[in-house]
1. Could you tell me whether GLU141 is free of Cβ contacts under 8 Å to residues at least 12 places away in the same chain, surrounded by fewer than 18 Cβ atoms within 10 Å (Cβ to Cβ) and of a type outside the set (Gly, Ala, Ser)?
2. Give the stretch 143-160 a look and list any residue that's under 13 Å from LEU441 (Cα atoms) and part of a loop (DSSP other than H, G, I, E, B), or say none.
3. Quick check, is LEU132 assigned to a helix (DSSP H, G or I), closer than 19 Å to ILE215 by Cβ and among the aliphatic types (A, V, I, L, M)?
4. Any residue at all in the stretch 1-22 that is of a type outside the set (A, V, I, L, M, F, W, C), under 21 Å from CYS106 (Cβ atoms) and in contact with a Ser or Thr (Cβ under 7 Å, 6 or more places away or on another chain)?
5. Restricting the search to the stretch 404-422, which residues are part of a helix (DSSP H, G or I) and more than 45 Å from the chain's Cα centre (by Cα)?
6. Just one of LEU22, LEU101, LEU90 is buried (at least 19 other Cβ atoms within 10 Å of the Cβ) and either hydrophobic (A, V, I, L, M, F, W, C) or at pLDDT 95 or above (or both); which is it?
7. Give the number of residues within the stretch 161-202 that are farther than 30 Å from ALA468 by Cα and either part of a strand (DSSP E or B) or without any contact (Cβ under 8 Å) to a residue 40 or more places away in the chain (or both).
Amino acid sequence: MSHTEYTSPLSQRYASKEMKYLFSEEKKFQTWRRLWIALAQAEQELGLDITDEQIEELKAHATDINYDDAKAREKIVRHDVMSHVYAYGLQAPKAKGIIHLGATSCYVGDNTDLIIMHEGLELIQSKLAAVLARLEAFALEYKDMPALAFTHFQPAQPTTVGKRASLWAQDLVMDYEEISWLLEHKKLLGQKGTTGTQASFLELFDGDSKKAAKIDALICEKMGYNDWFAVSGQTYPRKYDTRVLQALSGIAQSAHKFSNDLRLLQHKKEMEEPFEKGQIGSSAMAYKRNPMRSERMAALANYVIADTMNPAITASTQWFERTLDDSANKRIAVAEAFLAVDGILDLYLNITDGLVVYPKVVEADLRKELPFMATENIMMDAVKAGGDRQELHEKIRQHSMEAARQVKEFGKENDLLERIAADESFPLTMEELEARMNPSLYVGRAPEQTEEFFHNVVDPILENHPEARKLTAEINV
């Protein structure tokens, strides 16, 4: 590693080795060679004069890329694809004349980009399933633990710790569905030629349109694909990159929401992310336990959400059958979106693998607010005992306002129950009121909803990913 040149934090600090490999030169150029082999095989099957010996020679050098030869050639011709055609020909001299026959650069470039994106989506899909598995284990463990819920970040009706985790999981299920749709409908560019008309192949096959039309299907079959873009210019539609990055942005949005919630809960000391024995929270304040994983997740998520604009701009500004102003942007934006989302999911998996809950704090926070939330039930009980609903409502409103004032202005404990018990309008003793302070009475169907959601929605996903419960992730820093 050079210490005098810029290196991307995405590759040095955040992304996994599996995702980094997908966007490596080795993966790229080996896929180019697989595509050249598939092209030669398809052309041979359609009657061109290509021998088995030539194809075998190409196969023999499918993975041992002679990078130095390609780099030296590119300095002369200033063209990466033709440099690698040249380098491949040095290793396979008998096949030299038929490498890249009839093709344009986008044959290897664009088909490779699509293959790498699809394999990247598969890796992301498996990590989404792993995070869902962790959230399920966590949610089912805490499905019955009442917790203070919030709307507008103001105390609202109670929920449970597990039910809240089901909301995080629900977002990821939507993301999983988006990724699954993309993979179920994945396709290659195929072999369309310079402007997408397949004119060069019509020439190769002496005007035989049926043979020229068949080459897409043959190439895709050899590359493990069932579908291809029916029409295109020189490139696959750049809107496809936008579609893929929108799905990645969706994951970033879900992760950011989770990181926000967790950081707020960590501030309240109800929950926190893992904190390792030797970890330093602050260089100045030794007592601090900063939520660095959640903060990093949010930072990467912001980057991905903003990065989504890049392919959108590229797709909207292409001219006719293609312009090359897509290339530099695309090389950076697409790869970095995948690397960043990979890092986000590793953080998500790492955090959910060691989430910490502090039940006593959760209970204490809820009990401070519970008397306010129980007032409707208290009022109904008093009405049943013969009270006037309108009169009781006004009295509870007054008692609630005064109890809240005592808490806010003087830092006192919530004494709402004592105020109600002392009011003769309410035929309820303090003991009877205390009996209504069981938090489980106010969580509705949260435990059942949690179980139903994970069993009915998440478990079918996990059945397709048997490795999900075992997958772990270590973060670099």
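1. Considered against the rule, which asks whether it is free of Cβ contacts under 8 Å to residues at least 12 places away in the same chain, surrounded by fewer than 18 Cβ atoms within 10 Å (Cβ to Cβ) and of a type outside the set (Gly, Ala, Ser), GLU141 comes out as no.
2. Across the stretch 143-160, the qualifying residues are ASP144, MET145.
3. Numbers: assigned to a helix (DSSP H, G or I): yes; closer than 19 Å to ILE215 by Cβ: no; among the aliphatic types (A, V, I, L, M): yes.
Against the criterion (assigned to a helix (DSSP H, G or I), closer than 19 Å to ILE215 by Cβ and among the aliphatic types (A, V, I, L, M)), LEU132 does not qualify.
4. no
5. Correct list: GLN406, PHE410, LEU416, LEU417, GLU418, ARG419, ILE420, ALA421, ALA422.
6. LEU22
7. 4
Table: residues versus (1) at pLDDT 90 or above; (2) touching a Cys at 6+ places or on another chain (Cβ under 9 Å); (3) in a loop (DSSP other than H, G, I, E, B).
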site: ILE396; (1), (2), (3): no, no, no
site: GLU424; (1), (2), (3): no, no, yes
site: GLN449; (1), (2), (3): yes, no, no
site: PRO466; (1), (2), (3): yes, no, yes
site: ALA473; (1), (2), (3): no, no, yes
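The values are calculated or read from the model by the stated rules, or taken from the named source; none is laboratory data. All figures in this text were calculated on a predicted structure; none of them were measured in a lab. Virtual Cβ from ideal backbone geometry, glycine too; neighbours counted across all protein chains shown.
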